[in-house]
Amino acid sequence: MNILQEFDTIAAIATPLGTGGVGVIRISGGRSFEITDKIFSKHNLEAGRIYHGWISDAEKKVDEVLVLPFKSPHSYTGEDVIEIHCHGGVNVVKNILSLVLKNGARTAERGEFTKRAFLNKKMDLSQAEAVADLIHAKTKSFALQSAKNLSGVLRDKITEIRGGIFDTLSKIIAGIDFPEDVLEPEYSYLIESFEKSLADIDRILSCAKSSNILRQGIKVAIVGRPNVGKSSLFNTLLNTNRAIVTDIAGTTRDVIKETLDMDVAVTLIDTAGIRDTDDVGKVEEIGIEYSKQSAHEADLIVFVYDASVGMTEEDKEIYALVKHKPHLKIVNKCDLIENRTEGEFYISTATGEGIDELKEQIKNKVCDFSLEDTEYITNERQVDCLEKCRESLTNALNAAKAGELQDLISIDLKSALLFLDEITGEVITDEILNNIFDHFCIGK
Ligand code: GDP
């Protein structure tokens, strides 16, 4: 059984504040049952049952609720936990939370429930981080990937690699400590063992770039002269009428952003087709400034020009600004022309021609990986630990190849183990821990 740490009792609203069917207030800590006893119509609650009754403030009825009691260690945090499921109105949940606080709990900090779950060994740090990923997932596919980590995929792999290194280290230490009885492991054995661990680490690291893209998504800027159809394309891609389309040049006055779930979260940026009719010179200046800015900000640029007009000097000027970045050059309004030039990418937001292909190309251009190949989802912190572990193991490998003293090799192996332990949170500083849980929301 786990040795649980002693904490005070915390409470928070666990569901988003808004109007909905159900709102949940969560209480965790040694006083959860005692506090609930003071405000709930039913008493002597047993874990594993659901109770229906009323929350009251003295004689005043506050809401009709369901109460779910959990007894330590069989709860999310590992502590005694009470969940109060009430009606999902902003002020209903606030009233109940106030009452819980008034009766002895304190407001939970960001991520404090999950932090307690980690400290009480209900999950390792990679799983706790997966909780944050899951909640914040911008796409359905990333939510599924995060669920995999929540189930412990990364933890299991790290534990397996750790086991291999630990085994080899034990053999080395046994050889050093008991030279009469135990033979030092062969150098060929050490080399083989380190190469295997390195290959495993490399496999996880090979998913780092795609992990990042899947977590953060990509930014795609639609760039071009006024009136070439940028806003129309933006709307077509989003299937909405978010940007206003008119045939008066310069309708899009601001940069508009909207995120699209294309397995990868694609944030489309409709840059200004800004045109100030009083001052054409200034317009071009602003247009160019925006194009430059987008070129800087975006991961991919979709440069658009008008098929019925052809590539004008202004088009060329804008294209020159963006062509050094990953980009797609698109000819819109192909419904208006008869003859097409070989090699150009024609679309029409009016007829829908080429739009599906454009979506495919946007994805392929930035994501040179397949979603199925992203076996492990990692974050920057984990990648950093893995790279440091890799460095220590490489030192150990080189030392083994050079036939150096095994005592020296064991030092590198010990540091490799520490870096792996940082990933799962076996070894961790308060600063790193607080940094991780600060990114959670209250109530999680
Ligand atoms: P923006 O200034 O680049 O954002 O251009 P808009 O999206 O506002 O479009 C300018 C005009 O071109 C509008 O009248 C649109 O209806 C029209 N337009 C956009 N795409 C197409 C297209 O594929 N074919 C045709 N025929 N007209 C289009």
>> Can you tell me what share of the DSSP beta bridges in the chain is antiparallel? A percent to the nearest 5 is fine.
In response: 65
> In a GNM of the chain with a 10 Å cut-off on Cα contacts, which of Val383, Val62, Val131 has the highest mean-square fluctuation?
Replying inline: Val62
> What residues qualify as long-range amide H neighbours of His327, i.e. H under 5 Å apart, gap of 5 or more or another chain, H built at 1.01 Å from N?
Replying inline: Ile301
> Using +1 on the beta carbon of Lys and Arg, -1 on that of Asp and Glu, and nothing else charged, what's the dipole of the chain about the Cα centre, debye to 20?
Replying inline: 1620
> Summing Lys, Arg as +1 and Asp, Glu as -1, what charge do residues with Cβ under 15 Å from the Cβ of Phe33 carry, Phe33 excluded?
Replying inline: -1
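State the three equivalent ellipsoid semi-axes of the stretch 5-123, derived from the C-alpha gyration tensor as the square roots of 5 times its eigenvalues, in descending order and whole Å.
Value: 22, 16, 13 Å, ordered largest first.
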> Quick one: helix 140-150 against the long Cα principal axis of the chain, what's the angle to the nearest 10°, folded into 0 to 90?
Replying inline: 20
>> I'd like the orientation of helix 406-424 relative to the chain: the angle between its Cα long axis and the longest Cα principal axis, in ° from 0 to 90, rounded to 10.
In response: 70
>> Tell me the net charge near Lys42. Cut-off is 13 Å between Cβ atoms, Lys42 excluded, with +1 for each Lys or Arg and -1 for each Asp or Glu.
In response: -1
> Once you list every other residue whose beta carbon is under 14 Å from the beta carbon of Cys86, what net charge do they have if Lys and Arg are +1 and Asp and Glu are -1?
Replying inline: -1
>> Need one number: convex hull volume per residue for the chain, Cα atoms only, in Å³.
In response: 207
>> Of the candidates Asn339, Asn239, Asn120, which one comes out as most mobile in a Gaussian network treatment of the chain with C-alpha springs shorter than 10 Å?
In response: Asn339
> In which sequence would Lys444, Lys414 go, from the one with the fewest C-beta neighbours within 10 Å to the one with the most?
Replying inline: Lys414, Lys444
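None of the figures in this text is laboratory data; all of them are computed from the coordinates on show. None of these values were measured; they are calculated from a predicted model. Cβ sites come from the backbone with ideal geometry, for glycine too, and all protein chains shown count toward neighbours.
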